[in-house]
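The values are calculated or read from the model by the stated rules, or taken from the named source; none is laboratory data. Here the structure is a predicted model, which means the values were calculated and not measured. Here Cβ is always computed from backbone atoms with ideal geometry, including for glycine, and neighbour counts include all displayed protein chains. These accessible areas exclude ligands, DNA and RNA; they are computed on the full protein's heavy atoms, side chains included. Shrake-Rupley method; radii C 1.70, N 1.55, O 1.52, S 1.80 Å.
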Amino acid sequence: MTFSFPTIPTELRTERLLLRQPRVQDAGAMQAAIEASLPELKVWMPWAHAPATLEDRREYVQASIERFREGTELTYVIWTADGRTLLGNSGLHHLNWLVPRGEIGYWVATPHTGRGYAQEAARALTGLALDTLGFRRLEIRCDARNERSARIPRELGFTLDAVFRNDDVAADNPLKLRDTLVFSRVQ
């Protein structure tokens, strides 16, 4: 069976944001945003606990570019609409093109939180996934304690499908288990 991927845009624009495929030259801005946000990111993101150098960030960006090209993961860097300030990162992960389905992930740098950027980016990715790429299922998952993150899928019309009890290790304490909220939109 031969499968061809739909055309995947490398940029998405909203009123305030530019979401675009990462470029190697983004590594420095991404590293700075992560470093400035580590105390907050470590609470929710397991990857934020591993020390990372600028070279590590370049390798991540290069791998993200390759996964985008292959259609296995669609990472978008979140910028202000003018492309001058890196605000965070988002994307479509855990893709299964046979269904088709995926999961939205996001983080926003601490100096830019509380302004609705994550929700705006997630809205753009929801439109991309459901309307452009024809996904039949789209998920957003988060730690049950992360009320700010859980607000986003609710605001975007996602349904809470499940609470997975003791689903994973808590990002901020490897000796504790966490519950995971699973939200979805289906068509």
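Only residues that are farther than 17 Å from TYR60 by Cα, open to solvent by 90 Å² or more (accessible area, probe 1.4 Å) and either free of Cβ contacts under 8 Å to residues at least 12 places away in the same chain or charged (D, E, K, R) (or both): list them for region 5-29, please.
THR7, ARG13, GLU15
Right, LEU95: surrounded by fewer than 20 Cβ atoms within 10 Å (Cβ to Cβ), within 17 Å of the chain's Cα centre (by Cα) and not in a loop (DSSP other than H, G, I, E, B) or not?
Considered against the rule, which asks whether it is surrounded by fewer than 20 Cβ atoms within 10 Å (Cβ to Cβ), within 17 Å of the chain's Cα centre (by Cα) and not in a loop (DSSP other than H, G, I, E, B), LEU95 comes out as no.
Select from region 65-92 the residues that are in a strand (DSSP E or B) and either of a type outside the set (Phe, Trp, Tyr) or without any contact (Cβ under 8 Å) to a residue 40 or more places away in the chain (or both) and list them in ascending order.
Selection gives LEU74, THR75, VAL77, ILE78, THR80, LEU86, LEU87, GLY88, ASN89, SER90, GLY91, LEU92.
What do you reckon, is ILE104 over 23 Å from GLN62 (Cβ atoms), among the β-branched types (Val, Ile, Thr) and open to solvent by less than 20 Å² (accessible area, probe 1.4 Å)?
Spelling it out, it is not the case that ILE104 is over 23 Å from GLN62 (Cβ atoms), among the β-branched types (Val, Ile, Thr) and open to solvent by less than 20 Å² (accessible area, probe 1.4 Å).
Inside region 169-187, can you point out the residues that are more than 17 Å from LEU125 (Cα to Cα) and in a loop (DSSP other than H, G, I, E, B)?
ALA171, ASP172
Can you say whether THR113 is open to solvent by 40 Å² or more (accessible area, probe 1.4 Å), under 23 Å from GLY157 (Cα atoms), polar (S, T, N, Q) and out of contact with any helix residue (DSSP H, G or I) (no Cβ under 9 Å at 6 or more places or on another chain), as far as the supplied structure shows?
For THR113, the condition - open to solvent by 40 Å² or more (accessible area, probe 1.4 Å), under 23 Å from GLY157 (Cα atoms), polar (S, T, N, Q) and out of contact with any helix residue (DSSP H, G or I) (no Cβ under 9 Å at 6 or more places or on another chain) - is not met.
Which ones in region 128-152 are outside any loop (DSSP other than H, G, I, E, B), of a type outside the set (A, V, I, L, M) and touching a residue at least 40 places away in the same chain (Cβ under 8 Å)?
Selection gives THR132, ARG137, GLU139, ARG141, CYS142, ASP143, SER149.
Can you work out which of the residues in region 131-165 that are of a type in the set (Asp, Glu) and open to solvent by less than 80 Å² (accessible area, probe 1.4 Å) is nearest to GLU103 (Cα to Cα)?
GLU139
Scan region 40-47 and tell me whether some residue there is open to solvent by less than 60 Å² (accessible area, probe 1.4 Å) and part of a loop (DSSP other than H, G, I, E, B).
Looking through region 40-47, at least one residue is open to solvent by less than 60 Å² (accessible area, probe 1.4 Å) and part of a loop (DSSP other than H, G, I, E, B).
How many residues are out of contact with any Ser or Thr (no Cβ under 7 Å at 6 or more places or on another chain) and either assigned to a loop (DSSP other than H, G, I, E, B) or at pLDDT below 95 (or both) if we restrict to region 153-168? Lay out the reasoning, then the answer.
Taking region 153-168 and keeping what is out of contact with any Ser or Thr (no Cβ under 7 Å at 6 or more places or on another chain), we get 153-155, 157, 160, 162-163, 165-166.
Okay, now just the ones that are also either assigned to a loop (DSSP other than H, G, I, E, B) or at pLDDT below 95 (or both), so 157.
Matching residues across region 153-168 total 1.
Hey, can you tell me all the residues within region 155-167 that are in contact (Cβ under 8 Å) with a residue 24 or more places away in the chain and closer than 17 Å to GLY105 by Cβ?
Scanning region 155-167 gives GLU155, LEU156, PHE158.
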